Protein chains: 2
Amino acid sequence: MSPDRLKALFGIYRDGLLADTLPFWVRNAIDRTHGGYITALDRDGSVLQTDKPIWVHGRFAWLLATLYATVDRREEWLSLSKHGIDFLNRHAFDTDGRMFFSVTREGRPLRKRRYLFSEAFAVIGLSAYGAASGESRYMDQALELFRLILRYHREPGLLEPKVIPATRQMKGLAMPMILIATAQELRKAVHDPLCDAIIDESIREIERDFVKPDLACVLETVGPNGEFYDTFEGRQVCPGHSIEAGWFILEEARVRGGDPNLIRLGTRIIDWSMAIGWDATYGGVPYFIDARGLPPTEYSHDLKLWWPHNETIIGTLLAWQLTRD
Amino acid sequence: MSPDRLKALFGIYRDGLLADTLPFWVRNAIDRTHGGYITALDRDGSVLQTDKPIWVHGRFAWLLATLYATVDRREEWLSLSKHGIDFLNRHAFDTDGRMFFSVTREGRPLRKRRYLFSEAFAVIGLSAYGAASGESRYMDQALELFRLILRYHREPGLLEPKVIPATRQMKGLAMPMILIATAQELRKAVHDPLCDAIIDESIREIERDFVKPDLACVLETVGPNGEFYDTFEGRQVCPGHSIEAGWFILEEARVRGGDPNLIRLGTRIIDWSMAIGWDATYGGVPYFIDARGLPPTEYSHDLKLWWPHNETIIGTLLAWQLTRD
C-alpha cells in the first residue's frame, strides 16, 4: 500500500468517526433527564424508542473514554462516558451481580438473558473510564465483574443452556472471542496476570476447537471438544464474527511485539473467512454462510450488514500493518 | 370473479398441493428408521439436517389425516399421519405434560420453549387423526392437551415471560389467533362446548385488544388490556399473521352460516392488513411493518416469505366466497 493511499484511508476513518458518527451520537443520544443513552434513533436523530439496551451503554462509555485517552483530552468525552457508567451502576445490575439486557428509559429492568455480553461490555466501559479518569474504584469494579463473567461461564448449571445438555452439548465462538477483547481492554487499566492467562486460554480454545482446517473456516458452534455437528447450527459460519476473532488475535500479536505464531493464526482466520465469506459477484460480506455450501436457514443470512464490513476494514488493515502483505 | 377464473384458480391450488407439494414430502420426509418426519430438505429432497422440529409433526399429521377425511380415503395418507402421531407420543412429551420444541432424529429432547405452539399443533394433528381413524383415544388426548394449553396460557407464573412483568406486561396476537384455529380443528373431532367458548373468547380478545381502528391495523403485541406500547415491538405489524387471524374469523363466520358480524370483522382485518402490508410497487407482502411507518428493527422485515402469501390467498378467497365482493 502506498503512503498516499494509507494516508487517504486513515483520513476517511478518522473523519468518519470524529466528524460524522460521533457528533451525531453526542448530539442525539444523551438522556439528560434519566441518565444513560437513548440509542434507537432515526437518521435525523429523532427517537424511535426509549427502552435502553445495556450492551451499548458499556460500548459507548468505552468509546468516549478511549477517545479521551488516545485522541484528545476533551472533558466532554470523559463526562459523557461517566454519564453512561453512572446509569449502568444505578440501573443495570441485578441482585445476583449479573446485569440486565435492557431496561426502560427510567432504568426499570425489562429483560435479562442467559448470555454474558452485557457484563463483558460493562467491563470494557469501566476499564476505559477508570483508566482515563484515574479513579481506581472503576478499575476494581471492572476486574471484579470480569471474575463474575468467568465464574458464570465456567460453572455448569449457573446459566441455563439453550439446548438440553443431556442430549447435546454445544459451545459458541462468541464467548472465547469476547473474552479476548474484554481482557485486552481490562489489561489497559488493571495489571493482573489473569488478563494474559485468559487471553492465552481463549486463543488456544479458538485455534483448537473452532478453527477447522478441513473446512477452511471458523465455525460458530461446536461440541465441548470442538466436535463438528452436521446441522444448520453446527455448519454455521459468520464471516464477520470470525474476522473479528482474527483481528483480536492480531491485536494480541501486535501487543506482544509481532508474535509470529499469533500473526499466522490471525491472518489464516481472516484469509479463510474472506475466502468463504466475500461475495465475488457483488462484493461485501453476507451475515451467514454454510460451511458445506448448503442453504442456511437464517432469514437474514444473505444480508450485508454494516458491522462485518467494519470488522473487515479493521482486520485487513491490521493484518497489513503486521505483515506489509 | 368469473366461474372460469375460479375453476382455474382451484385447479392451481389443488394440483399444487396434490400433484407437487404432497408427493415431494411423502417421498422424502418419512423417517422409516426412527419414525416421524425429516423435514429439513433441500430442493432435490436430500436431507439438510435430521433434528426434528415438533411443530411440523403435528401439522403434517393434521394435513395427511385431513386429506384422508376430505379428499380421498387413501390408506397411505392415514398411516403416514399415524406415523407422525406415534413419534409425537413416543418422544415429544416432557414429564410435565408439556411438549418439546425439537428432538434428535432418534427422539431425544433438544429444546423446550416457553410457548405453547408444539402443543397446539399436536392438538390439531391428534384431532384430525382421531376423527379420520375413528379412534376415540386420540380425540380424548387432543381435548386433554387443549385443556393443558389453556391452563399454561391462563395461569400466571407457569410460563416464564420474555419481559420482566413487574416492569411491563405484554401479550401477543399469536395465542388468541392459534386458539381459534386449534379449537376449530378440535371441534371437528370432539363435541365439547369448550371449543365454541374459546373461539368466542379469542375473537373478542382480538377485536377488543389487537385490532386498532385509529392505526387501521392489527398489532402483534399489546398490553394486557390492549395498551399500545410505542416501541419497536409494540408498533410491530405482521401482515401475514393478521391476515391469518382474519381468515380464521371468516372460517368461523362460514361455519356459523355467514354470521354478518364475523364477516365484517374478518374482512376489515384483511382489508387493513392488505392496505398496510401490500407492496404497491413490487407486489407481495413483507414480513413486518411498523404501525407508525417508522423503520422496523427486524433484519428480515422486508423479506417476502412464502407463507404470508398463502395466508393472503386463503384469506381473500374465503372473503370472496362469503361476500362475493
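Rule-based calculations on the coordinates, nothing more; no lab input. Remember, it's a predicted structure, so these values are computed and weren't measured experimentally. So basically every Cβ, Gly included, is an ideal-geometry build from the backbone, and we count neighbours across all protein chains shown.
Taking only C-alpha pairs under 8 Å that are 6+ residues apart, what is the relative contact order of segment A:1-156 in percent?
On the way: 217 pairs, mean separation 32.0, N = 156.
Once normalised by length, the contact order is 20 percent.
With a sphere of radius 15 Å drawn around the Cβ of residue B:284, what net charge do the other residues whose Cβ falls strictly inside it have (Lys, Arg +1; Asp, Glu -1)? If you can, show how the numbers build up before the last one.
Details: positive: B:304; negative: B:279, B:302, B:311.
Computed value for this residue: -2.
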Copies of residue A:96 compared via label points 7 Å along Cα→Cβ give distances in nm, shortest first, of 1.6
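Based on Cβ point charges of +1 for Lys and Arg and -1 for Asp and Glu, what charge dipole magnitude is obtained for segment A:151-297 about its Cα centre, in debye rounded to the nearest 20?
Working: 16 positive and 22 negative charges, 8 e Å.
Result for segment A:151-297 is approximately 40 debye, rounded to the nearest 20.
Mind pulling the per residue volume of the convex hull built on the Cα atoms of segment B:9-107? Å³ is fine. Before the final figure, lay out the partial values.
Working: hull volume 10.5 nm³, N = 99.
Hull volume over Cα atoms, normalised by residue count, gives 106 Å³.
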Largest-first semi-axes in Å of the equivalent ellipsoid built from the Cα gyration tensor of segment A:1-62 are 30, 12, 9
For chain A, the Cα convex hull volume per residue in Å³ comes to 156 Å³
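Let me check I've understood the local charge: for residue A:312, count other residues with C-beta under 14 angstrom from its C-beta, Lys and Arg +1, Asp and Glu -1. What total comes out? Walk me through the numbers on the way to the answer.
Numbers: positive: A:304; negative: A:244, A:271, A:279, A:311.
Value of the local net charge: -3.
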The lysines whose Cα lies under 17 Å from the Cα of residue B:212, excluding any fewer than 8 residues away in the same chain, are B:171
Taking Lys and Arg as +1 and Asp and Glu as -1, residues besides residue A:222 with C-beta under 12 Å from its C-beta add up to -1
Sorted shortest first, the nm distances from the residue B:212 label point (7 Å along Cα→Cβ) to its counterparts in the other copies are 4.4
Restricting to Cα pairs under 8 Å and 6 or more apart, the percent relative contact order of segment A:180-325 works out to 22 percent
Taking Cα pairs closer than 8 Å and at least 6 residues apart, the relative contact order of chain B in percent is 11 percent
Sorted shortest first, the nm distances from the residue B:200 label point (7 Å along Cα→Cβ) to its counterparts in the other copies are 7.3
Residue-ordered couplings for segment A:145-158, obtained by feeding phi - 60° into the Karplus form 6.51 cos²θ - 1.76 cosθ + 1.60 and rounding to whole Hz (Gly and Pro as x), are 5, 4, 5, 5, 4, 4, 5, 5, 6, 8, 8, x, x, 6
About its Cα centre, chain B carries a charge dipole, from +1 on Lys and Arg Cβ atoms and -1 on Asp and Glu Cβ atoms, whose size in debye to the nearest 20 is 420 debye
Taking the dipole of segment B:200-325 about the Cα centre (Lys, Arg +1; Asp, Glu -1; charges at Cβ), the one of B:280, B:242, B:219 that reaches farthest to the positive side is B:280
Cross-link reach from residue A:82 to lysines, straight Cα distance under 27 Å and at least 8 residues apart if same chain, gives A:52, A:112, A:188
Rg (one decimal) and Dmax (whole number) from the Cα set of segment B:177-325, in Å, equal 15.3, 47
Of the residues A:81, A:70, A:57, the Cα lying farthest along the dipole of segment A:1-121 towards its positive end, which is defined by charges on the beta carbon of Lys, Arg, Asp and Glu, belongs to A:57
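Taking each pair of different alpha-carbon atoms in segment A:237-322 once, compute 1/r for the pair, average those values, and report the inverse of that mean as the Kirkwood hydrodynamic radius in Å to one decimal. Walk me through the intermediate numbers first.
Details: mean 1/r = 0.0765 Å⁻¹.
One over the average 1/r among Cα pairs gives 13.1 Å for segment A:237-322.
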Chain B to chain A by rotation: the residue of B with the beta carbon nearest the axis and the rounded distance in Å are B:300, 3
